[in-house]
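Read the structure below first, then the notes.
The values are calculated or read from the model by the stated rules, or taken from the named source; none is laboratory data. In this text, all values refer to a predicted model and were calculated from it rather than measured experimentally. Protein only, heavy atoms only, side chains kept; ligands, DNA and RNA dropped before computing areas. Shrake-Rupley method; radii C 1.70, N 1.55, O 1.52, S 1.80 Å.
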Amino acid sequence: MSHFSMNVQFLITCTALSLLAGCQRQILISSASSSLCPSQNAARHHPVRTYAAAAKPSKKEKKGEKGAAKEVKQEEKKKEKKKIDDTGRHKPYGLTAWVPIDDVYVVRHYPKQVYDADVAVDMLKSFQKLDFTPEDQPLFIELMLDMKLEKKRKVDPFVSTVHLPHPFKNDLNKVMVFTEDPEEARVATEHGAAIVGGAELVEKILEDEITADFYVAVPDIIPKLLPLKNKLRKKFPKSKRGSVGVNIPKMLQLFRSGHEYMVERDVYVITQVGTLDMPKEHILDNMRVIIQDVASHKPSEFGSIIERAITNSQTSEALRIKYEAFLQQEVKEA
């Protein structure tokens, strides 16, 4: 055998041995992986689900269970809203003491002081002198209301006009009277109505040719005034507000010199009650009339409609006042 043929045979033998060794390694690796991770090989035989399974329909709760769940939720809400009773404690929860000892103190560390109405007015007058602010600046009262009734019912936001015992405005209000009766028109003019007319005034009001502070009407003409509802809104004549009736002189007397207030942001009444240069007794009388009128908009069996009362002038800080005394006066008068 030649030297060349021996080399070829040697190469063939080496190649066959390397191929055999490679096959053995591959067999060992695949067997090892199959023994260690059998779940991976098993998963290859099953198709992968690419969609979500339909949820099982939930069982409907019985009415009794629903009612019990609602009662539990309501009880939890009541527990959360329940106020902590500080009566008999040496200091309120989360605060330093009931009353500050020094003249200078951090306000948030003590309960908000509540003053008698006459004391609060005297304090506002003293603030004006110390600050050198105008004496005739307006004085306001802010009432926070509880509009809730039974269950889900509540008092609707309202607008009211009262006759203050001590008016603080120099000018009378401009009142427009709607009537088509010549005799009623004459009476309205004699008692100080600024504008008197019938359905012909509707177009002029819509085009802003004429305006007034208040609008009153007789019942017969109300259907002809319906196009003005969106224009006048809360000023549209309503019997509930006393701006619809047959006693024109009485309506004019109320609205020409009357004081109007309304519920703002659903639960607040913010209105002027006088000026700081008025006598204290006159300011308190005006406060009494407004507070009593506000209280009359909610039946007494549902509790007081007033939750908090605050008074302040145009340039002073606000002071919380005790409003219960005004309501007690109303009971005594009744």
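Miscellaneous remarks
- Rounded if a/c under 1.5, otherwise prolate or oblate - segment 175-258, Cα gyration tensor axes: rounded
- Calculated accessible area for segment 175-258 comes out at 55 Å² per residue, all protein chains present (probe 1.4 Å; ligands, DNA, RNA ignored).
- Atom-type composition of the exposed protein surface of segment 145-283 places 49 percent of the accessible area on carbon and sulfur (1.4 angstrom probe).
- The overall shape of segment 91-197, judged from the alpha-carbon gyration tensor, is oblate: a/c is not under 1.5, and a/b is no greater than b/c.
- Centre separation in Å (Cα based) which lies between segment 108-129 and segment 149-173: 25
- Cα gyration tensor category, rounded, prolate or oblate, for segment 262-334 with a/c compared to 1.5: oblate
- Mean separation of Cα pairs under 8 Å and 6 or more residues apart, divided by the residue count, gives segment 185-289 a relative contact order of 22 percent.
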